[in-house]
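The values are calculated or read from the model by the stated rules, or taken from the named source; none is laboratory data. Since the structure is predicted, the reported quantities are computational estimates derived from the model, not experimental observations. Using ideal geometry, Cβ is built from the backbone for each residue, glycine included, and neighbour counts are taken over all protein chains shown. Remember, those area values only see protein heavy atoms, side chains included, never the ligands or the DNA or RNA. Shrake-Rupley method; radii C 1.70, N 1.55, O 1.52, S 1.80 Å.
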There are 2 protein chains.
Amino acid sequence: MTTQQLYEQIQKKKSFLCIGLDVDLNKIPSHLLELEDPIFEFNKAIIDATHDLCVSYKPNTAFYEVYGIKGWQSLQKTINYINEKYPEIFTIADAKRGDIGNTSTMYAKAFFEDLQFDSVTVAPYMGKDSVEPFLAFENKHTILLALTSNEGAFDFQTKNVDGKELYKQVLETSKSWKNSENLMYVVGATKAEYFTEIRKIVPTSFLLVPGVGAQGGSLAEVCKYGLAENVGLLINSSRGIIYASNGTDFEEKAREEALKLQMEMETILVSSSKLKV
Amino acid sequence: MTTQQLYEQIQKKKSFLCIGLDVDLNKIPSHLLELEDPIFEFNKAIIDATHDLCVSYKPNTAFYEVYGIKGWQSLQKTINYINEKYPEIFTIADAKRGDIGNTSTMYAKAFFEDLQFDSVTVAPYMGKDSVEPFLAFENKHTILLALTSNEGAFDFQTKNVDGKELYKQVLETSKSWKNSENLMYVVGATKAEYFTEIRKIVPTSFLLVPGVGAQGGSLAEVCKYGLAENVGLLINSSRGIIYASNGTDFEEKAREEALKLQMEMETILVSSSKLKV
């Protein structure tokens, strides 16, 4: 998928919502546990109930790997289901991978070719030759960790490196890498005031923003500082939507929560004149 | 496995060799491709031929994920085979994971409990609360990326952060984390002269050292600056051993290459008085 196609979906759905499919067997409705693949059944129900309100789904691979081969099968079935039934959806493998050159190529193939995700999250610590192998795939996107939403972000990411915070160095430096037009960035919603500075470095790059809701970030604040001409934001919500209820009404409740966010986003898009007429 | 048990294995085998199981179907002997699980059969043969010469095996997860569910099955069979037949071996999942707290716990469970590896490599970019969930597992080890063996290491890792290179900040900071005694570190052999400074910060921590051989690092140089009282080094070789031949003699040739390294290590251990009498 191209970023232009993503932008068009945002316009059509009046939403820049990404739903995180971080599925924990201890948290899903108990009636699903009797089924053969509870994780896939849960995802399928959530996707069917919310696909018109969001532009992206983001399974975090940790929640699948923890169940071994069975978990990897649930992940495969989930991405296949989205790609077949809702091909307009922008899919993100939240995998936070990164390794030396030829090894990163293997990861890129795993997520872009074998599983057919549109994008994957990647850690920047190993530098250029660990990220460029991901960038080499056409119409695929590499979402580089810049400023994450957790406490530990202050351990290294905000430390001063040659006169500039490390996450800003990551943003700046990555712009010079080959095929950098395929880069997006993770920026946590818990640090909304940082978006002004970030937009000076990457004015129109898409930013994947976790941390709205459960982690305490504010949608309005993020948009105030982070909205770009092309919208340029994907706001992720996981637990707040998918675990809105753990009863038999979980799909409806998930839809209600997704709808609240979509409507808030529509209001923001209108008031900031970001909707095409 | 405890580090004391690892140390005893090093003494017994007079080796601190780790063999990287980075198995690429395009590089293994063609006669294996007819078998049902060529990757596992390749690993099994390599392991049987070299287990007395090394103290550790390190599959890199990228090389398994690229084959999807089938690859994950090969990984599972490989680790099971090692744990059942050679339980004295220290196993490393070279996965370079790391995420926010509860998600890192999922990764830790995937590698420590489901697959039953002794250790996993982890990226430090997201800081303390992304690493401590791994450290919470008793007698399991978290091998934190400090200074990697690739060119991109110079993009961020060696940059000056508040008067000290980032990789040194990572080493220093990580020492204050809970259960930090379960930490080991990745330090590339291609930068042997850095080991002196690193040993000032982590005098006895085990260092996993990639980059000897194919990537150009020298074993003698690494040992000169990096050997600790408790040896404290695991030197990884992957391609130089496992792809020594791609004919039907691949096990013998792999053994020959492993033996060369083991003998070199034995000489170094003797000359530096690191062998117990």
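Residue-level check: of (1) surrounded by fewer than 18 Cβ atoms within 10 Å (Cβ to Cβ); (2) closer than 30 Å to A:Ser272 by Cβ; (3) polar (S, T, N, Q), A:Thr50 misses just (1). Evaluated against (1) facing chain A (nearest Cβ under 7 Å); (2) under 18 Å from B:Leu234 (Cβ atoms), B:Thr190 falls short on exactly one condition, (1). Here A:Tyr81, A:Tyr67 are screened, and the one residue that is touching a residue at least 40 places away in the same chain (Cβ under 8 Å), more than 30 Å from A:Leu259 (Cα to Cα), open to solvent by 10 Å² or more (accessible area, probe 1.4 Å) and more than 7 Å from chain B (Cβ to nearest Cβ) is A:Tyr67. Filtering segment B:156-181 to residues that are more than 9 Å from every other protein chain (Cβ to nearest Cβ), under 21 Å from A:Leu171 (Cα atoms) and touching a Phe, Trp or Tyr at 6+ places or on another chain (Cβ under 7 Å) leaves only B:Thr158. The helices (runs of 4 or more DSSP H) found wholly in segment B:28-103 and carrying at least 1 residues that are of a type in the set (S, T, N, Q) and touching a helix residue (DSSP H, G or I) at 6+ places or on another chain (Cβ under 8 Å) occupy B:38-50, B:68-85.
The residues of segment B:127-141 that are without any contact (Cβ under 8 Å) to a residue 60 or more places away in the chain, more than 12 Å from every other protein chain (Cβ to nearest Cβ) and in contact with an Asp or Glu (Cβ under 9 Å, 6 or more places away or on another chain), listed by number, are B:Leu135, B:Phe137, B:Lys140. Here A:Trp177 passes the criteria (1) open to solvent by 20 Å² or more (accessible area, probe 1.4 Å); (2) over 19 Å from the mean Cα position of the chain (by Cα) except the one numbered (1).
Checking B:Asp24, B:Asp99, B:Asp94 one by one, the residue that is farther than 28 Å from B:Gln5 by Cβ and buried (at least 24 other Cβ atoms within 10 Å of the Cβ) is B:Asp99 and no other.
Checking each residue of segment B:128-149 against the condition of being open to solvent by 30 Å² or more (accessible area, probe 1.4 Å) and under 22 Å from A:Ser104 (Cα atoms) gives no match. Does A:Lys96 count as at the interface with chain B (Cβ under 7 Å from one of its Cβ atoms) and in contact with a Lys or Arg (Cβ under 9 Å, 6 or more places away or on another chain)? In short, yes. For beta carbons closer than 6 Å, sequence separation of 6+ or different chains, a first residue in segment A:8-28 that is more than 14 Å from every other protein chain (Cβ to nearest Cβ) and a second that is open to solvent by 30 Å² or more (accessible area, probe 1.4 Å), the qualifying pairs are A:Gln9/A:Glu88; A:Gln11/A:Lys276; A:Lys14/A:Glu266.
Given the structure, is A:Phe90 in contact (Cβ under 8 Å) with a residue 40 or more places away in the chain, over 23 Å from B:Lys58 (Cβ atoms) and facing chain B (nearest Cβ under 8 Å)? Considered against the rule, which asks whether it is in contact (Cβ under 8 Å) with a residue 40 or more places away in the chain, over 23 Å from B:Lys58 (Cβ atoms) and facing chain B (nearest Cβ under 8 Å), A:Phe90 comes out as no.
Of everything in segment A:229-260, what is of a type in the set (A, V, I, L, M, F, W, C), open to solvent by less than 10 Å² (accessible area, probe 1.4 Å) and either part of a loop (DSSP other than H, G, I, E, B) or closer than 14 Å to A:Ser15 by Cα (or both)? Give them in sequence order.
Keep residues of segment A:229-260 that are of a type in the set (A, V, I, L, M, F, W, C), which gives A:231, A:233-235, A:241-242, A:244, A:250, A:254, A:258-259.
Now narrow it down to the ones that are open to solvent by less than 10 Å² (accessible area, probe 1.4 Å): A:231, A:233-235, A:241-242, A:250, A:254, A:258.
If the condition is that a residue be of a type in the set (A, V, I, L, M, F, W, C), open to solvent by less than 10 Å² (accessible area, probe 1.4 Å) and either part of a loop (DSSP other than H, G, I, E, B) or closer than 14 Å to A:Ser15 by Cα (or both), then A:Val231, A:Leu233, A:Leu234, A:Ile235, A:Ala258 are the ones that fit.
Looking only at residues in segment A:209-218 that are open to solvent by 10 Å² or more (accessible area, probe 1.4 Å) and of a type in the set (A, V, I, L, M), the one that is farthest from A:Ser272 (Cα to Cα) is A:Ala214. Only one entry of B:Thr121, B:Thr148 meets the criterion of being touching a residue at least 60 places away in the same chain (Cβ under 8 Å), within 7 Å of chain A (Cβ to nearest Cβ) and within 21 Å of B:Gly211 (Cα to Cα), and that entry is B:Thr148.
In the set B:Glu138, B:Glu151, B:Glu165, only one residue is in contact with a strand residue (DSSP E or B) (Cβ under 9 Å, 6 or more places away or on another chain) and of a type in the set (Asp, Glu); that residue is B:Glu165.
Would it be correct to say that A:Thr105 is within 11 Å of chain B (Cβ to nearest Cβ) and buried (at least 18 other Cβ atoms within 10 Å of the Cβ)?
Details: within 11 Å of chain B (Cβ to nearest Cβ): yes; buried (at least 18 other Cβ atoms within 10 Å of the Cβ): yes.
Against the criterion (within 11 Å of chain B (Cβ to nearest Cβ) and buried (at least 18 other Cβ atoms within 10 Å of the Cβ)), A:Thr105 qualifies.
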